[in-house]
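Visitor: Structure incoming, see below.
The values are calculated or read from the model by the stated rules, or taken from the named source; none is laboratory data. These numbers were taken from a predicted model, which means no experiment stands behind them. Counting neighbours? That spans all protein chains shown, and the Cβs are built from the backbone with ideal geometry, glycine included. Please note that ligands, DNA and RNA were not included when accessible areas were found on the heavy atoms of the full protein model with its side chains. Shrake-Rupley method; radii C 1.70, N 1.55, O 1.52, S 1.80 Å.
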Amino acid sequence: MFLSAFDDIPDPRADNARHDLAELLVVAFVAVLCGATSCAEMAAFGRAKERIFRDFLKLRHAIPSHDTFSAVFRVIDPKALDAAFGRVLAEIAGLLGKGDVIAIDGKVLRGSRDRGDGGRTRMMVSAYAARLRLTLASVPTEKGGELEAALEVLGLIALKGKVVTADALHCNRRTVAAINARGGDWCLSLKANQDSLLSDARSCFGKLAPDHSVARQEETGHGRRETRTATVVSAKGLAEHHDFPRLKAFGRIEATRESEGKIQSDTRWFALSWLPTPEVLLATVRAHWAIENALHWQLDVSFREDAARNRKDNGPDNIAVLRRRALDVARRDGSKSSLSIKLKRAGWDDEFLLSLLKQLPET
């Protein structure tokens with residue numbers, strides 16, 4: 001069992017706290033894995049499954065109350081909690097290979113806004129391994145906002161030989177320097193927040209020869225047809241000119257979508273730290289969207305994250321970590337059922353629940 005992974009999480013409670021912190025976290029995690037969205041549901045789930053939990057937990061004082069779950073999540077460090085899960089899943093993360101895409105993006109925790117905390121919007125910034133469909137690390141935003149949290153996330157993961165993708169907010173010198181320092185490559189969306197760089201990128205594409213290499217991709221489905229054309233050009237000399245270390249190329253993807261007789265066109269630009277083929281650029285940009293489709297969308301649809309109402313102190317951030325890690329574990333199951341069905345089945349099928357937990361390496 002992965003119980004020992006939580007031993008390094010600092011416990012800020014008094015020495016006479018009744019419930020073992022690691023055991024409480026295991027009960028909470030399993031409850032979230034089975035669809036619990038609040039501390040009250042964690043407590044109810046724990047009582048309903050107490051017999052199962054006693055097979056591998058001592059539970060000297062039975063299942064904690066919902067007030068105890070809430071109090072613990074308000075005070076423990078969400079970064080330490082996420083790091084504990086990172087240690088558990090390190091064996092899986094080790095399957096990342098050269099050229100794998102690590103997507104960086106933030107997701108707003110919409111239901112967590114607390115008027116007593118100035119009404120600030122909370123966000124979790126995650127690093128997501130697109131091919132493995134695994135969250136490598138998550139950091140809540142604080143006063144520095146999404147950019148600072150993203151820089152912290154990048155410092156937590158091994159980047160050598162990997163490709164980091166991110167939206168235009170992260171197309172800046174600090175992010176580039178952080179990725180460069182850890183041996184990674186980058187494909188960053190380029191927009192008007194880097195106006196001079198974008199202008200030079202457009203100029204480079206204006207000098208293309210008629211036989212310049214391109215790659216095209218066409219997809220049809222759901223009543224629409226989309227065509228994407230990718231082109232890559234060298235950015236020779238512009239890294240020094242713009243003080244953008246290791247800038248090697250620019251990428252352009254022209255997309256056309258036809259639906260119900262209407263045609264929409266869009267052009268996206270990218271700053272690149274290497275000179276990929278147009279086919280590789282298409283695949284890299286496509287992989288980035290896994291963080292939206294396979295992580296953020298699933299958190300809302302299967303875990304109802306946008307509807308969650310945890311608001312106090314560290315509570316929203318800690319439960320957001322549990323949701324992301326529960327999604328990682330559920331994905332280890334190879335059956336063909338949808339994720340929503342797997343979560344529901346884990347709640348009523350004890351044998352299936354135990355099989356999911358066995359996906360976790362021994363710690």
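Visitor: Out of Val101, Val32, Val75, Val26, I need the residue that is over 20 Å from Leu295 (Cα atoms), open to solvent by less than 20 Å² (accessible area, probe 1.4 Å) and not basic (Lys, Arg). Which one?
Guide: Details: Val101 fails: over 20 Å from Leu295 (Cα atoms); Val32 fails: over 20 Å from Leu295 (Cα atoms); Val75 fails: open to solvent by less than 20 Å² (accessible area, probe 1.4 Å).
After applying the criteria, what remains is Val26.
Visitor: Could you please give the count of residues in segment 235-251 that are of a type in the set (A, V, I, L, M) and open to solvent by 60 Å² or more (accessible area, probe 1.4 Å)?
Guide: Just the residues of segment 235-251 that are of a type in the set (A, V, I, L, M), to begin with: 235, 238-239, 247, 249.
Of the ones still in play, those that are also open to solvent by 60 Å² or more (accessible area, probe 1.4 Å) are none.
Residues flagged as of a type in the set (A, V, I, L, M) and open to solvent by 60 Å² or more (accessible area, probe 1.4 Å) within segment 235-251 amount to 0.
Visitor: Sticking with this one: Any idea which residue in segment 207-224 is surrounded by the fewest Cβ atoms within 10 Å (Cβ to Cβ), counting only those that are in contact with a helix residue (DSSP H, G or I) (Cβ under 7 Å, 6 or more places away or on another chain) and assigned to a strand (DSSP E or B)?
Guide: Narrowing segment 207-224 to residues in contact with a helix residue (DSSP H, G or I) (Cβ under 7 Å, 6 or more places away or on another chain): 213-215, 217.
Checking which are assigned to a strand (DSSP E or B) leaves us with 214-215, 217.
Numbers: Val214: 14, Ala215: 17, Gln217: 16.
This residue is Val214.
Visitor: Which of (1) farther than 21 Å from Asn310 by Cβ; (2) open to solvent by less than 20 Å² (accessible area, probe 1.4 Å); (3) more than 23 Å from the chain's Cα centre (by Cα) is the odd one out, the single condition Ala62 does not satisfy?
Guide: (2)
Visitor: Going by the conditions given, is Ser340 touching a Ser or Thr at 6+ places or on another chain (Cβ under 7 Å), among the small types (Gly, Ala, Ser) and either farther than 25 Å from Ile76 by Cβ or modelled with pLDDT under 90 (or both)? I'd like the intermediate steps shown before the answer.
Guide: Details: touching a Ser or Thr at 6+ places or on another chain (Cβ under 7 Å): yes; among the small types (Gly, Ala, Ser): yes; either farther than 25 Å from Ile76 by Cβ or modelled with pLDDT under 90 (or both): yes.
The answer is yes for Ser340.
Visitor: Would you say Lys358 is open to solvent by 20 Å² or more (accessible area, probe 1.4 Å), out of contact with any Cys (no Cβ under 8 Å at 6 or more places or on another chain) and farther than 20 Å from Gly86 by Cα? Can you show your working first?
Guide: On the way: open to solvent by 20 Å² or more (accessible area, probe 1.4 Å): yes; out of contact with any Cys (no Cβ under 8 Å at 6 or more places or on another chain): yes; farther than 20 Å from Gly86 by Cα: no.
So Lys358 fails the test.
Visitor: Next question, about the same structure. From Ile263, Ile341, grab the single residue that is among the β-branched types (Val, Ile, Thr), open to solvent by 60 Å² or more (accessible area, probe 1.4 Å), in contact with a strand residue (DSSP E or B) (Cβ under 7 Å, 6 or more places away or on another chain) and more than 27 Å from Lys98 (Cα to Cα).
Guide: On the way: Ile341 fails: in contact with a strand residue (DSSP E or B) (Cβ under 7 Å, 6 or more places away or on another chain).
Sole residue among the options that is among the β-branched types (Val, Ile, Thr), open to solvent by 60 Å² or more (accessible area, probe 1.4 Å), in contact with a strand residue (DSSP E or B) (Cβ under 7 Å, 6 or more places away or on another chain) and more than 27 Å from Lys98 (Cα to Cα): Ile263.
Visitor: Out of Ile291, Ile319, which single residue is open to solvent by less than 20 Å² (accessible area, probe 1.4 Å) and under 30 Å from Gln217 (Cβ atoms)? Walk me through how you get there before you give the answer.
Guide: Values: Ile319 fails: under 30 Å from Gln217 (Cβ atoms).
Exactly one residue qualifies, and that residue is Ile291.
Visitor: Also: Can you say whether Thr231 is under 29 Å from the mean Cα position of the chain (by Cα), polar (S, T, N, Q) and more than 14 Å from Leu275 (Cα to Cα), as far as the supplied structure shows? Reasoning before the result, please.
Guide: Values: under 29 Å from the mean Cα position of the chain (by Cα): yes; polar (S, T, N, Q): yes; more than 14 Å from Leu275 (Cα to Cα): no.
Answer is no for this residue.
Visitor: Does Gly46 satisfy the criteria of being outside any strand (DSSP E or B) and without any contact (Cβ under 8 Å) to a residue 40 or more places away in the chain?
Guide: Criteria met by Gly46.
Visitor: Please tell me if Cys204 is touching a helix residue (DSSP H, G or I) at 6+ places or on another chain (Cβ under 9 Å), farther than 30 Å from Leu134 by Cα, surrounded by 15 or more Cβ atoms within 10 Å (Cβ to Cβ) and not acidic (Asp, Glu). Quick ask: steps written out before the conclusion?
Guide: Working: touching a helix residue (DSSP H, G or I) at 6+ places or on another chain (Cβ under 9 Å): yes; farther than 30 Å from Leu134 by Cα: yes; surrounded by 15 or more Cβ atoms within 10 Å (Cβ to Cβ): yes; not acidic (Asp, Glu): yes.
Here the answer is yes, as Cys204 does meet what is asked.
Visitor: Can you pull out every residue in segment 182-193 that is at pLDDT 95 or above and in a helix (DSSP H, G or I)?
Guide: Answer for segment 182-193, where residues must be at pLDDT 95 or above and in a helix (DSSP H, G or I): there is none.
Visitor: Being modelled with pLDDT under 90, of a type in the set (Asp, Glu) and closer than 23 Å to Ala5 by Cβ is the requirement here; does Asp333 meet it? Let's see the steps before the verdict.
Guide: On the way: modelled with pLDDT under 90: yes; of a type in the set (Asp, Glu): yes; closer than 23 Å to Ala5 by Cβ: yes.
When the stated conditions are applied, Asp333 passes them.
Visitor: Shifting gears a bit: With the requirement that a residue be assigned to a helix (DSSP H, G or I) and either out of contact with any Pro (no Cβ under 9 Å at 6 or more places or on another chain) or open to solvent by less than 10 Å² (accessible area, probe 1.4 Å) (or both), what does segment 153-181 give you? Outline the logic, then answer.
Guide: Here is the first cut: in segment 153-181, the residues assigned to a helix (DSSP H, G or I) are 153-154, 168-170, 173-181.
Once the filter is applied, which keeps residues that are assigned to a helix (DSSP H, G or I) and either out of contact with any Pro (no Cβ under 9 Å at 6 or more places or on another chain) or open to solvent by less than 10 Å² (accessible area, probe 1.4 Å) (or both), segment 153-181 yields Val153, Leu154, Ala168, Leu169, His170, Arg174, Thr175, Val176, Ala178, Ile179, Ala181.
Visitor: OK, next. Out of Ala36, Ala80, Ala44, Ala40, I need the residue that is within 20 Å of Asp8 (Cα to Cα) and either of a type outside the set (A, V, I, L, M) or out of contact with any strand residue (DSSP E or B) (no Cβ under 9 Å at 6 or more places or on another chain) (or both). Which one? Outline the logic, then answer.
Guide: Values: Ala36 fails: within 20 Å of Asp8 (Cα to Cα); Ala44 fails: within 20 Å of Asp8 (Cα to Cα); Ala40 fails: within 20 Å of Asp8 (Cα to Cα).
The unique qualifying residue is Ala80.
Visitor: Are there helices (runs of 4 or more DSSP H) fully within segment 225-325 with at least 1 residues that are of a type in the set (Lys, Arg)? List them.
Guide: Values: elements: 238-241, 278-288, 297-301.
Output list reads 278-288.
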